[in-house]
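The values are calculated or read from the model by the stated rules, or taken from the named source; none is laboratory data. Keep in mind that this is a model prediction, so the values were computed, not measured. Using ideal geometry, Cβ is built from the backbone for each residue, glycine included, and neighbour counts are taken over all protein chains shown. Quick note on the areas: whole protein, heavy atoms, side chains included, nothing else; ligands and nucleic acids left out. Shrake-Rupley method; radii C 1.70, N 1.55, O 1.52, S 1.80 Å.
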Amino acid sequence: MADMEFTAWFGKLKLGDAGELEDCSLFDKDPEKLAGLVVELHGNVQDVPLQRPDLREVALESCFVELDEDYDVLLRDVCIRAAKSQISQTDTDDSRIIQAVQALDDIDKNVNELSERLFEWYGRYFPELEMTGEELARFISAYGSRANVPEGHALSEKASQSMGAELSFADEELLRALANNICSLYDTRRYIENYINTSMGSVAPNLCNITGASIGARLISMAGSLQKLAAFPSSTVQVIGASRALFKHLRSRAPSPKHGTIFNNPVIKNAPWWQRGKLARALAAKISLAARTDFYSGELSPSIKEALDKKLDSIRQANPNPPKREPKAQPQGKGGKKTHRGKRKGGKR
Amino acid sequence: MSVKELSRGIYELNLDDRKMLATRNIMPGLSVYGERLIVDDGTEYRQWEPSRSKLGAMVLKNFEIPLEPDSTVLYLGAASGTTVSHVSDMLTDGLVYAVEFSPRTMRDLIQLCDQRPNIIPILADANKPQSYAHIVEKVDVIFQDVAQPNQAEIAAINSKYFLEEHGHLMLSIKSRSIDTVASPKKVFKEEVRKLESDFDIEFEVLQRKELDPFHEDHLGLVARMFVDDED
Ligand SMILES: C[S@@+](CC[C@H](N)C(=O)[O-])C[C@H]1O[C@@H](n2cnc3c(N)ncnc32)[C@H](O)[C@@H]1O
């Protein structure tokens with residue numbers, strides 16, 4: 001009964017019961033504005049009647065364009081503009097996080113090399129100084145030669161009694177410059193980390209909620225995009241979670257990860273060994289779900305974390321004791337075989 | 001060199017006893033993805049590698065290709081436009097709407113659109129035809145190569161919204177994106193069944209053939225939307 005409204009790229013159409021055109025109000029013939037509209041309509045999907053007049057005919061009849069050819073030319077122009085602006089918008093999201101994660105890695109690599117150089121070099125002048133990394137760089141940046149360590153400083157005694165060589169003025173300037181650079185790399189590193197924290201909160205709030213920003217960002221980066229991570233089955237999440245790159249990132253001294261690095265978090269690390277596999281699987285499943293929710297809706301849904309916590313609790317309660325060795329092995333053995341079979345199948349293809 | 005027209009706008013060149021598939025380059029001098037340009041008698045052709053294009057393979061598998069110079073085509077899964085560029089060559093008086101949902105890939109496709117006058121790029125998800133119904137008119141042919149588990153459904157809903165009565169649907173079905181373990185034959189059979197009976201529009205399957213050796217585990221299919229003429 002009621003009239004249907006349908007927005008085409010060139011105007012608003014009012015349609016009758018059978019989809020026939022009743023009225024048409026045209027938009028401005030400005031390609032840039034029309035492109036903005038086209039993009040908007042990609043996002044806010046409208047109800048589209050199956051019975052509707054042909055767009056080209058309406059555009060011609062309403063004199064929006066005069067010739068068939070004009071229709072093609074203008075529509076092409078509008079759609080190219082629209083697609084370009086959509087692409088530049090997508091560049092703001094997970095792809096920037098991936099760049100940031102990779103920048104962190106680059107900085108780490110450089111900072112480690114430079115810090116080692118600084119350590120070795122400065123060690124000739126002050127071998128008793130037991131500092132490395134950022135602490136060392138900050139120290140050198142502040143004092144330069146050990147002769148400048150002021151009276152009353154915790155290290156002043158060590159400094160004055162050091163068996164290290166004298167530091168010439170030229171060398172001191174050089175070492176200070178190097179140390180300053182290293183300090184500023186550390187500053188940048190913190191800056192990027194903050195950036196990742198804030199952007200993860202908006203790009204992948206659910207993932208963030210489950211794994212924390214930095215691991216979440218790392219998972220996106222390893223998958224290639226949030227979309228890809230969302231498409232992975234949770235078994236794959238478990239595998240990339242176990243990868244060395246992620247492990248390295250945590251810079252923990254724990255021995256090589258049994259259930260994957262994302263599972264190196266206290267929930268699992270502090271659990272008794274017989275619960276860990278199950279806990280890890282539950283965590284991977286929720287990471288998957290979180291990534292999907294982030295990709296498709298983008299809204300934080302606290303229920304994922306709640307469900308995870310519940311699930312973890314129930315696993316703990318259901319498995320209070322270590323399994324007995326032989327007698328109960330039957331059903332468990334089956335479960336184990338299943339995963340193996342899955343693996344072999346994958347291998348064959 | 002001899003030139004034979006296999007279908008409207010699709011040629012077989014015989015060059016020193018080597019046969020190759022080609023289309024007439026509507027933008028002479030420009031190669032799109034590194035393909036060879038061959039000039040014969042003042043006409044420039046672009047070599048079309050069937051192993052890089054499902055549509056090219058369908059030509060060599062003797063499908064009847066329902067494309068005419070003035071066709072309007074909706075192409076779902078345009079990727080960076082390898083095949084779309086050849087379709088664009090064929091449509092000297094037509095238009096192709098190229099839908100692709102990966103922004104990354106769309107970047108390359110846009111460069112192609114910038115060069116050619118008859119490709120309209122659309123960055124959208126083929127699962128949601130409503131999201132581009134404000135742009136796409138009724139089309140004569142839908143070509144779909146999306147490698148998604150719900151390929152049949154995507155084809156059906158797009159046909160419902162955009163295909164002319166008696167228009168043609170050309171489909172490339174990749175068995176592994178539907179079921180990674182089932183035998184391709186079984187998957188194909190099921191997809192054809194779905195297409196013929198699962199949706200509220202009907203298709204008459206005109207031709208179906210696997211695309212080997214050009215593409216393993218892919219089925220090519222041409223169907224016509226079936227319309228009850230009785231009412
Ligand atoms: C096999 S490639 C197509 C190759 C292309 N037809 C050619 O021959 O040059 C499949 C493409 O479909 C796109 N795709 C997959 N699902 C899609 C969807 N739901 N909507 C739009 N494009 C999709 C992918 O991003 C990918 O670029």
Number of the exception - residue A:164 against (1) open to solvent by 40 Å² or more (accessible area, probe 1.4 Å); (2) not in a helix (DSSP H, G or I): (1)
Evaluation of residue B:37 against (1) touching a residue at least 40 places away in the same chain (Cβ under 8 Å); (2) over 13 Å from the mean Cα position of the chain (by Cα); (3) open to solvent by 10 Å² or more (accessible area, probe 1.4 Å) (one fails), failing number: (1)
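Say we look at the stretch B:11-34 and pick out the residues that are without any contact (Cβ under 8 Å) to a residue 60 or more places away in the chain and aliphatic (A, V, I, L, M); which of these is surrounded by the most Cβ atoms within 10 Å (Cβ to Cβ)?
Within the stretch B:11-34, the first condition is being without any contact (Cβ under 8 Å) to a residue 60 or more places away in the chain, and the residues that meet it are B:11-22, B:28-29, B:31, B:33-34.
Filter once more, keeping what is aliphatic (A, V, I, L, M): B:13, B:15, B:20-22.
Details: B:13: 19, B:15: 16, B:20: 17, B:21: 21, B:22: 26.
Within the stretch B:11-34, the match that is surrounded by the most Cβ atoms within 10 Å (Cβ to Cβ) is B:22.
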Residue A:118, sole failed condition from (1) under 30 Å from residue A:224 (Cβ atoms); (2) open to solvent by less than 20 Å² (accessible area, probe 1.4 Å): (1)
Which listed residue, of B:67, B:109, B:60, B:55, is away from every other protein chain (no Cβ under 13 Å), in contact (Cβ under 8 Å) with a residue 24 or more places away in the chain and within 11 Å of the ligand (Cβ to nearest atom): B:55
Filter result for residue B:140 (within 25 Å of residue B:206 (Cβ to Cβ) and either within 8 Å of the ligand (Cβ to nearest atom) or more than 11 Å from chain A (Cβ to nearest Cβ) (or both)): yes
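Condition check ((1) more than 8 Å from chain B (Cβ to nearest Cβ); (2) under 26 Å from residue B:160 (Cα atoms); (3) open to solvent by less than 60 Å² (accessible area, probe 1.4 Å); (4) β-branched (Val, Ile, Thr)) across all residues:
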{"residue": "A:29", "(1), (2), (3), (4)": "yes, no, no, no"}
{"residue": "A:39", "(1), (2), (3), (4)": "yes, yes, yes, yes"}
{"residue": "A:54", "(1), (2), (3), (4)": "no, yes, yes, no"}
{"residue": "A:72", "(1), (2), (3), (4)": "no, yes, yes, no"}
{"residue": "A:76", "(1), (2), (3), (4)": "no, yes, yes, no"}
{"residue": "A:100", "(1), (2), (3), (4)": "yes, no, yes, no"}
In the stretch B:70-93, the residues that are open to solvent by 10 Å² or more (accessible area, probe 1.4 Å), more than 16 Å from the ligand (Cβ to nearest atom) and closer than 20 Å to residue B:159 by Cα: B:70, B:72
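Here is a check on your reading of the model: is residue A:283 modelled with pLDDT of 90 or more, touching a helix residue (DSSP H, G or I) at 6+ places or on another chain (Cβ under 7 Å) and not in a loop (DSSP other than H, G, I, E, B)? Give the steps one after another, and end with the answer.
Working: modelled with pLDDT of 90 or more: no; touching a helix residue (DSSP H, G or I) at 6+ places or on another chain (Cβ under 7 Å): yes; not in a loop (DSSP other than H, G, I, E, B): yes.
Against the criterion (modelled with pLDDT of 90 or more, touching a helix residue (DSSP H, G or I) at 6+ places or on another chain (Cβ under 7 Å) and not in a loop (DSSP other than H, G, I, E, B)), residue A:283 does not qualify.
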Subset of the stretch B:147-178 [within 14 Å of chain A (Cβ to nearest Cβ), surrounded by fewer than 22 Cβ atoms within 10 Å (Cβ to Cβ), within 12 Å of the ligand (Cβ to nearest atom) and part of a helix (DSSP H, G or I)]: B:157, B:176, B:177
Members of the stretch B:164-186 found to be farther than 26 Å from residue B:73 by Cβ and of a type in the set (A, V, I, L, M, F, W, C), listed by number: B:181, B:182
Test for residue B:125: is it within 11 Å of chain A (Cβ to nearest Cβ), within 12 Å of the ligand (Cβ to nearest atom) and either in a loop (DSSP other than H, G, I, E, B) or touching a Cys at 6+ places or on another chain (Cβ under 6 Å) (or both): yes
Qualifying residue in the stretch B:118-125 (condition: among the acidic types (Asp, Glu) and under 19 Å from residue A:59 (Cα atoms)): no
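Is it the case that some residue within the stretch B:196-207 is within 24 Å of residue A:49 (Cα to Cα), at pLDDT below 90 and among the aromatic types (Phe, Trp, Tyr)?
Quick first cut of the stretch B:196-207, residues within 24 Å of residue A:49 (Cα to Cα) only: B:196-203.
If we keep only those that are at pLDDT below 90 too, we end up with B:196-202.
From the residues that got through so far, the ones that are among the aromatic types (Phe, Trp, Tyr) too are B:199.
Yes; the residues of the stretch B:196-207 include at least one that is within 24 Å of residue A:49 (Cα to Cα), at pLDDT below 90 and among the aromatic types (Phe, Trp, Tyr).
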